[in-house]
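Taking it in order: structure first as structure tokens, then the write-up.
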């Protein structure tokens, strides 16, 4: 069957690989229809993702159809269309036992640590499938992206009306925005890309935008946008160690800074930057099964509109040629999707 392999950074190949085995007890065989492309895939392609292994079949944002199940599977049936929770956890470590399966000590994410969904069919634990009778395959492939934002906002626990800054208007930043909207916060977005800021303002409906010019005026312009105040919560979704190291200056005293992006580099800041304002620092990793169920319902009910997200698509045959173009800011990619079947 067909597959796409990331052999090494910046080197995709197509291949014919063996068909998967039949599913064992608790497993399901699925056919892959859509594969969303996210910052993790881009970072892996560029060699900047700390968790990536090579060679690997990428793909963890998936819309799939159940083809067969092993014994004991009750949450899905043949023909179900599903999103995939791609975090393969052990179920036995301290984090898993306390319900934090997203932080399993031996976590393997399909498409990152191990082979993922850029193939026609594969087998995975059926408990990682989240069915929906209403969502399209493209919407199902978006659920995992949105889940990253959902978990992050759950970690932040903002109150209604809280001023929140999101740094980085890429797909993860926009996923965060969707759940800050659900939480009814006052949202400011900061980015270097003015076109993305315009999208966030006009399409996603954020309250304020601030262009990052790296000229030392950002704090003043952020205060101006927020009525003289700084946000109580700052969420950095850039994955840039420079941005993450400098995020504290944008946060109100006694506030919190959350890192949802990932970097291979060290963060560097003076202790007084967090001590004087008594800031809380949090990380947000992956998502929980309950997030997938919540997101599916929010999309089904029309509370989250996925239409603006789907900006670029490619077939299996065209993917390798198109992928480098998706990395260019001028192409205006919001979310690119691969059609596997």
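The values are calculated or read from the model by the stated rules, or taken from the named source; none is laboratory data. Just so it is clear, the model here is predicted, and its values are computed rather than measured. Don't worry about glycine lacking a Cβ; one is built from the backbone with ideal geometry, like all the others, and counts go over all protein chains shown.
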Residues of the stretch 286-316 being touching a residue at least 40 places away in the same chain (Cβ under 8 Å) and exposed (fewer than 13 other Cβ atoms within 10 Å of the Cβ), in sequence order, are 303
Of the listed residues (43, 15, 28), the one being closer than 23 Å to residue 146 by Cβ, over 16 Å from the mean Cα position of the chain (by Cα), assigned by TED's automatic domain parsing to the domain that holds residue 333 and touching a residue at least 12 places away in the same chain (Cβ under 8 Å) is 28
Given the criteria in contact with a helix residue (DSSP H, G or I) (Cβ under 9 Å, 6 or more places away or on another chain) and either crowded, with 21+ Cβ neighbours inside 10 Å or under 19 Å from residue 173 (Cα atoms) (or both), does residue 283 qualify? yes
When residue 213 is run through (1) surrounded by fewer than 15 Cβ atoms within 10 Å (Cβ to Cβ); (2) within 13 Å of residue 231 (Cβ to Cβ), the failure sits at (2)
The strands (runs of 3 or more DSSP E) lying entirely within the stretch 210-329 that contain at least 1 residues which are within 17 Å of the chain's Cα centre (by Cα), within 27 Å of residue 4 (Cβ to Cβ) and not assigned by TED's automatic domain parsing to the domain that holds residue 185 are 310-315
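Being more than 18 Å from residue 292 (Cβ to Cβ), surrounded by fewer than 23 Cβ atoms within 10 Å (Cβ to Cβ), touching a strand residue (DSSP E or B) at 6+ places or on another chain (Cβ under 8 Å) and assigned by TED's automatic domain parsing to the domain that holds residue 20: is that true of residue 72 here?
Working: more than 18 Å from residue 292 (Cβ to Cβ): yes; surrounded by fewer than 23 Cβ atoms within 10 Å (Cβ to Cβ): yes; touching a strand residue (DSSP E or B) at 6+ places or on another chain (Cβ under 8 Å): no; assigned by TED's automatic domain parsing to the domain that holds residue 20: yes.
Spelling it out, it is not the case that residue 72 is more than 18 Å from residue 292 (Cβ to Cβ), surrounded by fewer than 23 Cβ atoms within 10 Å (Cβ to Cβ), touching a strand residue (DSSP E or B) at 6+ places or on another chain (Cβ under 8 Å) and assigned by TED's automatic domain parsing to the domain that holds residue 20.
So which of 182, 219 is surrounded by fewer than 23 Cβ atoms within 10 Å (Cβ to Cβ) and in contact (Cβ under 8 Å) with a residue 40 or more places away in the chain? First the steps, then the outcome.
Numbers: 219 fails: in contact (Cβ under 8 Å) with a residue 40 or more places away in the chain.
Exactly one of 182, 219 is surrounded by fewer than 23 Cβ atoms within 10 Å (Cβ to Cβ) and in contact (Cβ under 8 Å) with a residue 40 or more places away in the chain, namely 182.
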The residue from 176, 143, 123, 164 that alone is surrounded by 24 or more Cβ atoms within 10 Å (Cβ to Cβ), touching a strand residue (DSSP E or B) at 6+ places or on another chain (Cβ under 6 Å) and within 30 Å of residue 70 (Cα to Cα) is 143
For residue 34, the lone unmet condition from (1) in a strand (DSSP E or B); (2) modelled with pLDDT under 95 is (2)
Of the residues in the stretch 1-22, those that are in contact with a helix residue (DSSP H, G or I) (Cβ under 8 Å, 6 or more places away or on another chain) and either on the phi > 0 side of the Ramachandran plot or not in a strand (DSSP E or B) (or both) number 2
Picking from 67, 46, 29, 62, the residue that is under 18 Å from residue 336 (Cβ atoms) and touching a strand residue (DSSP E or B) at 6+ places or on another chain (Cβ under 9 Å) would be 62
When every residue in the stretch 78-99 that is in contact (Cβ under 8 Å) with a residue 24 or more places away in the chain and outside any strand (DSSP E or B) is compared, the one nearest to residue 291 (Cα to Cα) is 85
Picking from 58, 9, the residue that is closer than 16 Å to residue 111 by Cα and surrounded by fewer than 21 Cβ atoms within 10 Å (Cβ to Cβ) would be 9
All conditions in (1) surrounded by fewer than 24 Cβ atoms within 10 Å (Cβ to Cβ); (2) over 24 Å from residue 262 (Cβ atoms) are true of residue 64 except (1)
query: Before we move on, is residue 78 in contact with a strand residue (DSSP E or B) (Cβ under 9 Å, 6 or more places away or on another chain), surrounded by 20 or more Cβ atoms within 10 Å (Cβ to Cβ), over 20 Å from residue 171 (Cα atoms) and at pLDDT 95 or above?
result: no
